[in-house]
Amino acid sequence: MKKLVAYITTGYPSLAFTLDLALALHEAGVDTLELGIPFSDPVADGAIIEKANLLSLQKGFKMDHLFEVSKGIAPQIDTLWMGYFNPFYHKGMDRFIAQAKSAGVNGFIIPDLPYEEAQKYKPMITQAGLTLIDFIAPTDPKERIEMIARDAQKFIYLVAYAGITGAGQSEDLQDTVAMIRDYTNTDVFVGFGVNEKTAKEKSKGVDGVIVGSAFVTILLDESISDMQKIDKVSKLAREIKSKINE
Amino acid sequence: MNIDYTPNDIYIPSPSDFDPDNLGHFGIYGGRYVPETLMPVLEALKSDYEKIRFDKEFWEEVHYYYKNYVGRPSSLYYAKNISDEIGAKVYLKREDLNHTGAHKINHTIAQALLAKKLGKKKIIAETGAGQHGVATATVAALFGLECEVFMGAKDVKRQELNVFRMKLLGSKVHAVESGSKTLKDAMNDAIRHWVTHARDTFYVIGTVAGPHPYPMMVRDIQSVIGWEAKAQMMQTHGKLPDKVIACIGGGSNAMGIFNHFLNEKDVECIGIEAGGLGLDSKHGCSLAKGSPGVLHGQLSYLLQDEDGQIEEAHSISAGLDYPGIGPEHAFLKDKGVVTYDHITDDEAMEAFVWLSQKEGIIPAFESSHAIAYLKKLKNVEGQTILINLSGRGDKDMIQAKDILKERFE
């Protein structure tokens with residue numbers, strides 16, 4: 001069974017909504033939740049997730065809200081915090097680790113903390129029983145793939161194309177996936193640009209997909225109620241989960 | 001002291017005591033904090049830059065354009081009238097006389113030649129005041145490269161002349177509407193574009209910031225300023241200055257003039273941040289009021305809140321309106337090698353008028369911060385002060401007219 005990882009932006013439109021949506025996604029068959037930490041300058045993200053980040057901050061999102069809401073979510077579904085490095089650095093990695101442990105969160109995805117800079121933090125994260133997810137990009141040469149893949153745990157986040165989240169691009173990933181498989185048995189999940197139309201194609205040869213912008217687009221839809229948003233996101237999650245396992 | 005070169009010689013960077021480690025760390029600062037897609041690109045740039053860093057042939061080509069196109073060496077001017085007024089000897093390093101009006105052309109020439117050498121046909125840049133954007137658009141025209149410039153929508157408005165110049169030069173200008181709509185957001189979008197076009201696009205970063213090797217590379221290139229100034233000081237004045245002053249946004253003109261003075265024990269380097277409306281209000285003083293953090297690919301001082309969200313900077317000058325600073329400055333501050341202070345919008349505007357009327361030189365708003373510090377300094381009697389006049393004020397005329405209309409109409 002191929003896995004589905006869902007990204008949602010914490011605190012938009014509200015914290016209560018984030019909690020309800022997370023639990024609904026679990027019901028819908030999502031295997032892992034990427035709980036997005038809103039950041040003022042999300043440079044790896046496209047316009048959709050950037051907008052959700054900024055709106056959540058405008059609504060008064062604070063890190064303490066993340067810690068609090070995670071306590072209701074993480075016991076129900078495998079949860080990772082996805083966020084840019086500065087809040088981790090500023091508040092302290094040790095503090096994030098302690099909060100993650102107390103909420104039951106299983107690890108972190110930090111898109112602007114590449115392998116080299118992550119070395120300083122990996123031992124403390126691993127020692128705490130948490131995982132820092134590694135990224136591999138289609139621009140990576142063989143030597144770099146080997147270096148990253150060797151240590152990778154839980155799953156490898158394979159970036160689907162050179163670009164930012166939510167763009168309609170695609171690249172042939174066959175060679176990259178084959179190289180990764182040479183060095184590790186860790187699962188490979190593809191993220192960036194995955195939606196109900198592309199999921200089947202993008203899941204070929206890998207163990208799962210990561211979906212963000214397709215869900216967040218629904219979160220941003222002003223024309224429907226919160227209830228309808230949750231229904232719509234859940235339905236989309238079910239559809240994608242079934243498509244990747246056809 | 002003896003200087004064994006003249007300002008007319010070919011400038012080639014030299015290793016610095018403050019060079020970063022192999023991963024680009026200046027102490028804890030610097031590094032590479034970028035999406036994985038860019039890491040191989042930065043690795044390649046690092047090794048490509050290492051190949052040309054001390055390569056005579058490459059710098060000979062740069063020299064050709066510096067001499068014949070930019071007008072280097074830029075002159076060192078003894079500003080007698082303001083010197084008489086404050087009782088110190090003030091020398092101005094006239095980067096304002098460069099082609100395109102500021103020091104930015106120094107690093108765009110060298111970076112574009114590097115891009116060309118690497119076979120890249122497209123270049124991109126972020127810009128605040130528009131000076132770096134114009135300098136990049138200029139070299140794009142010169143070397144036949146395709147160029148796109150990212151500029152905050154707020155800056156597009158306050159620097160409309162530079163926007164027009166970029167378009168006239170054949171570049172595409174993107175007005176960035178997100179966040180504070182200034183330099184920070186322009187850089188976000190430039191990075192997004194770069195990630196998307198990583199394989200064929202060279203990012204011409206406009207200051208000593210960003211992921212390694214940019215902070216070191218841009219500092220090496222801009223150090224032609226201090227290298228010339230040192231020789232010129234010896235030629236015209238017979239000794240080195242007591243103080244060297246430069247304004248700081250990202251910090252390229254300051255690193256450029258400081259670098260060759262950092263090992264001179266008797267020379268004090270002073271960097272001037274944008275004090276905006278004052279340190280208790282809105283400003284751009286990341287060193288004075290910020291704390292270490294990660295933005296735009298580097299670890300350095302940042303204006304941020306308790307959660308690590310980036311705060312908006314403010315300065316009357318678009319070029320200093322940035323919540324971060326180059327990582328080497330952060331390192332030099334912590335080490336106590338360079339002194340840092342600030343000048344407010346009002347003080348800068350006073351200096352803008354002062355230099356215009358006393359010396360007949362209209363400085364850029366950015367450079368006016370460095371000039372203003374002459375009046376803030378205490379006990380300068382008899383001292384020799386070298387100021388990097390990093391740019392001219394032409395680009396600021398519309399804004400200046402608006403601010404000063406009651407005084408001059």
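In table form, for the structure just shown:
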item: Residue B:352, sole failed condition from (1) assigned to a helix (DSSP H, G or I); (2) crowded, with 21+ Cβ neighbours inside 10 Å; (3) touching a residue at least 60 places away in the same chain (Cβ under 8 Å); result: (3)
item: Scan of segment A:1-54 for residues that are among the small types (Gly, Ala, Ser) and part of a loop (DSSP other than H, G, I, E, B), ordered by number; result: A:11, A:14, A:28, A:29, A:40, A:44, A:46
item: Those residues of segment B:196-211 which are within 12 Å of chain A (Cβ to nearest Cβ) and surrounded by 24 or more Cβ atoms within 10 Å (Cβ to Cβ), in sequence order; result: B:210, B:211
item: Those residues of segment A:127-155 which are among the aliphatic types (A, V, I, L, M), under 21 Å from residue A:49 (Cα atoms) and out of contact with any Gly (no Cβ under 7 Å at 6 or more places or on another chain), in sequence order; result: A:136, A:137
item: Residue match in segment B:26-34 (condition: within 14 Å of another protein chain (Cβ to nearest Cβ), more than 15 Å from residue B:214 (Cβ to Cβ) and buried (at least 19 other Cβ atoms within 10 Å of the Cβ)); result: no
item: Condition broken by residue A:179, with the remaining ones in (1) within 14 Å of another protein chain (Cβ to nearest Cβ); (2) touching a residue at least 60 places away in the same chain (Cβ under 8 Å); (3) surrounded by fewer than 22 Cβ atoms within 10 Å (Cβ to Cβ) satisfied; result: (2)
item: One residue from B:315, B:300 being buried (at least 24 other Cβ atoms within 10 Å of the Cβ), of a type in the set (Ser, Thr, Tyr) and within 14 Å of another protein chain (Cβ to nearest Cβ); result: B:300
item: Subset of segment B:1-56 (residues that are among the hydroxyl-bearing types (Ser, Thr, Tyr) and in a helix (DSSP H, G or I)); result: B:37, B:47, B:49
item: Pairs where the first residue, in segment A:2-25, is at positive phi and of a type outside the set (Phe, Trp, Tyr) and the second is surrounded by fewer than 24 Cβ atoms within 10 Å (Cβ to Cβ) and in a helix (DSSP H, G or I), C-beta under 9 Å, 6+ apart; result: A:11/A:17; A:11/A:55; A:11/A:57; A:11/A:65; A:11/A:69
item: Tally of residues being in contact with a Pro (Cβ under 9 Å, 6 or more places away or on another chain) and within 18 Å of residue B:304 (Cα to Cα) across segment A:39-49; result: 3
item: Counted residues, segment B:386-401 - those being surrounded by fewer than 24 Cβ atoms within 10 Å (Cβ to Cβ) and either touching a strand residue (DSSP E or B) at 6+ places or on another chain (Cβ under 6 Å) or among the polar types (S, T, N, Q) (or both); result: 2
item: Long-range neighbours under 8 Å by Cβ, at least six apart or interchain, first residue within 12 Å of chain B (Cβ to nearest Cβ) within segment A:109-134, second in a loop (DSSP other than H, G, I, E, B) and of a type in the set (Lys, Arg); result: A:133/A:154
item: Single residue of B:109, B:123 found to be in contact with a strand residue (DSSP E or B) (Cβ under 8 Å, 6 or more places away or on another chain) and either of a type in the set (A, V, I, L, M, F, W, C) or under 30 Å from residue B:240 (Cβ atoms) (or both); result: B:123
item: Test set (1) surrounded by fewer than 18 Cβ atoms within 10 Å (Cβ to Cβ); (2) in contact with a strand residue (DSSP E or B) (Cβ under 9 Å, 6 or more places away or on another chain); (3) assigned to a helix (DSSP H, G or I) - residue A:68 fails condition number; result: (2)
item: Lone unmet requirement of (1) within 12 Å of another protein chain (Cβ to nearest Cβ); (2) of a type in the set (Gly, Ala, Ser); (3) surrounded by fewer than 23 Cβ atoms within 10 Å (Cβ to Cβ); (4) in contact with a helix residue (DSSP H, G or I) (Cβ under 9 Å, 6 or more places away or on another chain) for residue A:60; result: (4)
item: Residue check for residue B:190: in contact (Cβ under 8 Å) with a residue 40 or more places away in the chain and surrounded by 24 or more Cβ atoms within 10 Å (Cβ to Cβ); result: yes
item: Candidate set from segment B:160-199 (those that are among the small types (Gly, Ala, Ser) and farther than 27 Å from residue B:397 by Cβ); member that is modelled with the lowest pLDDT; result: B:179
item: From the options B:338, B:294, residue that is at pLDDT 95 or above, touching a helix residue (DSSP H, G or I) at 6+ places or on another chain (Cβ under 6 Å) and within 14 Å of another protein chain (Cβ to nearest Cβ); result: B:294
item: Among (1) in a loop (DSSP other than H, G, I, E, B); (2) within 14 Å of chain A (Cβ to nearest Cβ) - the single one residue B:191 does not satisfy; result: (1)
item: Some residue of segment A:14-35 being crowded, with 24+ Cβ neighbours inside 10 Å, within 14 Å of another protein chain (Cβ to nearest Cβ) and not charged (D, E, K, R); result: no
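The values are calculated or read from the model by the stated rules, or taken from the named source; none is laboratory data. Predicted, not measured: the structure shown is a model, and the values here were computed from it. When we count neighbours, we look across all protein chains shown, and the Cβ atoms used for this are built from the backbone with ideal geometry, even at glycine.
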